[in-house]
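The values are calculated or read from the model by the stated rules, or taken from the named source; none is laboratory data. Small disclaimer: the values here were computed from a predicted structure and weren't measured. Cβ: placed from backbone, ideal geometry, glycine included. Neighbour counts: every protein chain shown.
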Amino acid sequence: LMALREPLWLAKQLGTLDHFAPGRLRIGIGVGGAYPGEFDVVDLPLKARGRRTEEVLMQIRDIFAGKLPEMEDGGVPVGLRPVPKHAVPFLFGGHNDAALKRAARMGDGWIGYLLTPQGFAEQRAFLVDQRAANPAPFSYGMLFHVQPDDRLEGAHQRALDGWRRVTNQTSRPFPNPEELFIAGPPDAIVEQLRRYWDAGCTEMVLVPADQGAAYPDQARIIAKDVLSKIRDWT
């Protein structure tokens, strides 16, 4: 949530990560708003969060390019050293028209969330149209909650249950969790993900649905039995 951050300090934190893992840093950007109290803490009106996000991103990119922030009279000029040697991609989230237009205009990619393959394809088409005049590379992806499971039956409901525990969203109805969550044995997970790949999803963030004691085992299954098959698609 860039709107909550001080640009120079954030640039220093991200620059440090890039220094430790050159060329591997990827930044996901959310505009936020689900928890208004976060913005009260930094004295930022909720309706200004989109504009503030854009301002911070532009400053971060300037700092990464080696430019010094403008200082008021008497200020101490500061900058970032070393600056990243590789371009750092900034990937936006969001689902409404304003968020998608911002992603198309300012981002290097977009990550969808809780979408069916058809829903993903529709939002991707909107982004493609928005970027028709921009030849720069742009990635289209999804964040998935994944439930590796020995049995396909009931696995999607178990994924939903895990998601509810993490998000504490117990009242939101999900009559068809199999449309939004990825679950089952590894081969079934790969088959479900393939539908998104065929719809143009080339960047997949796979998050174990169970954030409790089963998390390490789920992560191992995803790494060993799912990722290798997905990478074969490229």
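Among helices (runs of 4 or more DSSP H) lying entirely in the stretch 1-110, which contain 3 or more residues that are closer than 19 Å to residue 138 by Cβ and of a type outside the set (A, V, I, L, M, F, W, C)?
Numbers: elements: 7-20, 37-41, 49-64, 97-106.
Filter on the stretch 1-110 gives 49-64, 97-106.
Considering the stretch 111-145 alone, what residues qualify as being farther than 19 Å from residue 162 by Cα and assigned to a strand (DSSP E or B)?
Answer for the stretch 111-145, where residues must be farther than 19 Å from residue 162 by Cα and assigned to a strand (DSSP E or B): 111, 112, 139, 140, 141.
Cβ-Cβ distance below 6 Å, separation of 6 or more or different chains: which pairs start in the stretch 73-100 with a residue that is closer than 19 Å to residue 7 by Cα and end on one that is at pLDDT 75 or above and among the aromatic types (Phe, Trp, Tyr)?
Note: pairs meeting the criteria are 83/64; 84/64; 92/110.
Kindly list, by first and then second residue, each pair from a residue in the stretch 146-162 that is in a helix (DSSP H, G or I) to a residue that is aromatic (Phe, Trp, Tyr) and surrounded by 23 or more Cβ atoms within 10 Å (Cβ to Cβ), limited to pairs with Cβ atoms under 7 Å and residues at least 6 apart or on different chains.
Qualifying pairs under 7 Å: 156/181; 159/181; 160/181.
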